[in-house]
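Peer 1: Questions regarding the structure given below will be posed in turn.
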Amino acid sequence: MFQLTMRLSAVCLLYWLQLSLLMSALRGLDFKYHGEEEMVNYLRLLNKKYPNMTKLYSIGKSVQGRELWVLAIGKHVASPVPLIPNVRYIGNIHGNEVVGRELLLHLAEHYLTMYSTNSTIQTFLDSTNIHLLPCMNPDGFHISKPNYCDGIQGRNNSNNFDLNRNFPDSNNPRPPPIQPETAAVIRWVHSTHFVLSANLHGGAMVVNYPLDVFPGDIYSTRSSPSPDDDVFVHLSLVFSRSHANMYKGNHCDDHFVNGITNGAEWYPVLGGMQDFVYKVASGYEVLIEISCCKYPRPSELPKLWIYNKDALINFMMTVHIGVKGIIYGESVQNSSGVPLKGATVSIKGRDIPFYTTSRGEYYKLLLPGNYVLMVSHPLYESYSTFVKVQSYGVTRKDILLSLKSNRSEHTSSTPRRQGAANSTISTVNTFDTANSSSPASPLFHVLTFTLVVVLLF
């Protein structure tokens with residue numbers, strides 16, 4: 001009897017261990033705060049487990065020498081393909097605002113584990129590279145206080161600079177010295193063109209979009225819309241409406257209509273990341289406040305993940321709207337032309353120009369409508385043409401510029417083709433989105449023209 005009891009106990013113990021392992025595998029990443037070593041080890045684990053879908057790299061180091069690790073996810077991250085856009089999330093820019101750090105780890109796990117079974121995620125990762133920097137301020141995180149909803153301990157880097165006031169800004173009369181963490185991100189956004197990006201914060205519940213400063217009055221709290229204000233409003237609404245309740249706008253003793261706000265209208269920020277990315281790096285970036293409490297108890301993390309998951313996924317899908325293409329320059333050696341780096345691409349009426357990448361790529365996020373696309377380069381004839389953006393997918397427009405002749409360039413306000421030997425246009429890349437139970441207003445139905453709701457599970 002004793003031996004039978006021992007055998008049964010052994011069998012039960014083995015069964016319990018197997019069940020525990022199974023439940024752990026099904027559960028995935030624990031909902032807790034991961035220290036620096038734990039976070040890096042988990043990123044390495046994902047990179048090792050999914051070598052064909054991930055790339056792990058460092059963009060630099062903090063003041064105290066901690067690496068700033070990025071996990072890139074997508075079918076083409078190992079060998080970039082032209083016109084596959086890069087998108088980016090940054091968490092923990094303020095060291096004591098920690099929820100974004102954890103949500104990005106769970107987002108990475110979600111993308112990779114769902115890739116083979118969810119067609120929406122598979123389509124997205126086959127046509128997009130997403131880069132996740134869970135922690136931009138590891139030194140600040142290291143000294144931050146757990147379970148503190150407010151306060152500033154750990155907010156700044158170890159040199160006591162606020163990293164989201166540290167980017168180059170022509171409005172700033174007394175710019176602070178650029179910090180190592182900021183310099184790393186600046187190098188990163190110049191070496192990798194991010195079409196769409198967001199940085200995650202805590203202490204409020206709102207999507208904050210450019211511009212952060214009213215021109216000529218850096219202390220004003222008047223709204224300061226950018227030339228692409230309609231696009232930024234759309235991007236912000238996609239997130240707030242996909243969130244469990246951000247769109248209601250009444251959180252953390254604040255009120256924001258539809259859960260979004262223009263940056264300057266909320267409060268002016270000099271040296272912010274989102275304005276720098278938009279004005280200098282040819283990208284669209286917003287700041288997202290994702291929790292009222294900056295450092296909530298770990299027990300709050302599962303709820304915060306559920307609230308934000310669909311919004312984080314749907315927001316990045318909006319990179320596939322508007323117009324994109326490759327700008328070529330006429331070449332004697334190559335009749336098809338060569339990709340032009342640094343060509344200026346702009347939309348008439350929107351005076352923030354964007355610039356082509358080293359492969360000649362350009363991306364302009366636009367809502368449905370008719371636009372005048374204008375392209376210029378010092379060595380080539382200028383080019384302009386009408387472009388129609390559809391209510392689904394993204395319009396592709398490749399352009400070949402002619403070398404400048406000795407004659408004076410003819411100027412005209414009428415859209416024209418000057419030596420454009422090759423111009424193609426097509427519509428590609430449509431996406432469904434994650435499930436969201438949030439009600440949508442008629443305005444939202446218009447704005448979310450690219451989105452069709454499906455279940456992710």
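The values are calculated or read from the model by the stated rules, or taken from the named source; none is laboratory data. Computed from a predicted model, the values in this text were never measured in an experiment. Please note: Cβ atoms are built from the backbone with ideal geometry, for glycine as well, and neighbour counts cover all protein chains shown.
Peer 1: Quick one: Asn308 ticks every box in (1) in a helix (DSSP H, G or I); (2) out of contact with any strand residue (DSSP E or B) (no Cβ under 7 Å at 6 or more places or on another chain) except a single one, so which number is it?
Peer 2: Failing condition for Asn308: (2).
Peer 1: Sticking with this structure for a sec: Are any of the residues in the range 11-25 within 28 Å of the chain's Cα centre (by Cα) and modelled with pLDDT under 95?
Peer 2: Checked the range 11-25: no residue is within 28 Å of the chain's Cα centre (by Cα) and modelled with pLDDT under 95.
Peer 1: While we're on this one: Listed residues Ile143, Ile130, Ile121; which is of a type in the set (Val, Ile, Thr) and surrounded by fewer than 17 Cβ atoms within 10 Å (Cβ to Cβ)?
Peer 2: Ile143
Peer 1: Here's a check for you: in the range 133-153, which residue that is part of a loop (DSSP other than H, G, I, E, B) and free of Cβ contacts under 8 Å to residues at least 60 places away in the same chain is farthest from Val394 (Cα to Cα)?
Peer 2: Here the answer is Gln153.
For every residue, the table says whether it meets (1) farther than 23 Å from Leu379 by Cα; (2) within 21 Å of the chain's Cα centre (by Cα).
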| residue | (1), (2) |
| --- | --- |
| Ser299 | yes, no |
| Lys309 | yes, yes |
| Tyr328 | no, no |
| Ser331 | no, no |
| Val338 | no, no |
| Gly342 | no, no |
| Tyr362 | no, yes |
| Leu366 | yes, yes |
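Peer 1: Here's a follow-up. Picking from Phe214, Phe256, Phe239, which residue would you name as being in contact (Cβ under 8 Å) with a residue 12 or more places away in the chain and closer than 22 Å to Leu132 by Cα?
Peer 2: None of the other options fit; the residue is Phe239.
Peer 1: Moving to a separate point now. Among Ile178, Ile130, Ile186, Ile121, which is in contact with a Pro (Cβ under 9 Å, 6 or more places away or on another chain) and not in a loop (DSSP other than H, G, I, E, B)?
Peer 2: Ile186
Peer 1: Here is a follow-up. So how many residues does the range 375-391 have that are surrounded by fewer than 17 Cβ atoms within 10 Å (Cβ to Cβ) and under 26 Å from the mean Cα position of the chain (by Cα)?
Peer 2: Residues that pass the stated criteria total 3.
Peer 1: Quickly run through the range 203-224 and pick out the residues that are more than 30 Å from Arg297 (Cα to Cα) and buried (at least 16 other Cβ atoms within 10 Å of the Cβ).
Peer 2: Within the range 203-224, Pro210, Leu211, Asp212, Val213, Phe214, Ile218, Ser224 meet the criteria.
Peer 1: Select from the range 330-362 the residues that are surrounded by fewer than 20 Cβ atoms within 10 Å (Cβ to Cβ), closer than 25 Å to Asp229 by Cβ and polar (S, T, N, Q) and list them in ascending order.
Peer 2: Correct list: Thr344 only.
Peer 1: Another question, if that's okay. Quick check on the range 357-378. Is at least one of its residues within 27 Å of Pro215 (Cα to Cα), in a loop (DSSP other than H, G, I, E, B) and in contact with a Pro (Cβ under 8 Å, 6 or more places away or on another chain)?
Peer 2: Checked against the condition, which is being within 27 Å of Pro215 (Cα to Cα), in a loop (DSSP other than H, G, I, E, B) and in contact with a Pro (Cβ under 8 Å, 6 or more places away or on another chain), the range 357-378 yields no hits at all.
Peer 1: Those residues that are farther than 19 Å from Ala281 by Cβ, touching a helix residue (DSSP H, G or I) at 6+ places or on another chain (Cβ under 8 Å) and part of a loop (DSSP other than H, G, I, E, B), I need them from the range 92-111; list them, please.
Peer 2: Asn92, His94, Gly95, Asn96, Val98, listed by residue number.
Peer 1: Still on this structure, I have one more. Only one of (1) within 20 Å of Arg44 (Cα to Cα); (2) of a type in the set (A, V, I, L, M, F, W, C); (3) out of contact with any Asp or Glu (no Cβ under 7 Å at 6 or more places or on another chain); (4) crowded, with 23+ Cβ neighbours inside 10 Å is not met by Met114, so which one is it?
Peer 2: For Met114, the failing item is (4).
Peer 1: So which pairs qualify, if the first residue must be in the range 267-291 and in contact (Cβ under 8 Å) with a residue 12 or more places away in the chain and closer than 16 Å to Val87 by Cα, the second must be surrounded by fewer than 22 Cβ atoms within 10 Å (Cβ to Cβ) and of a type in the set (A, V, I, L, M), the Cβ gap must be under 7 Å, and the two must be at least 6 apart or on different chains?
Peer 2: Tyr278/Ile352; Tyr284/Val231
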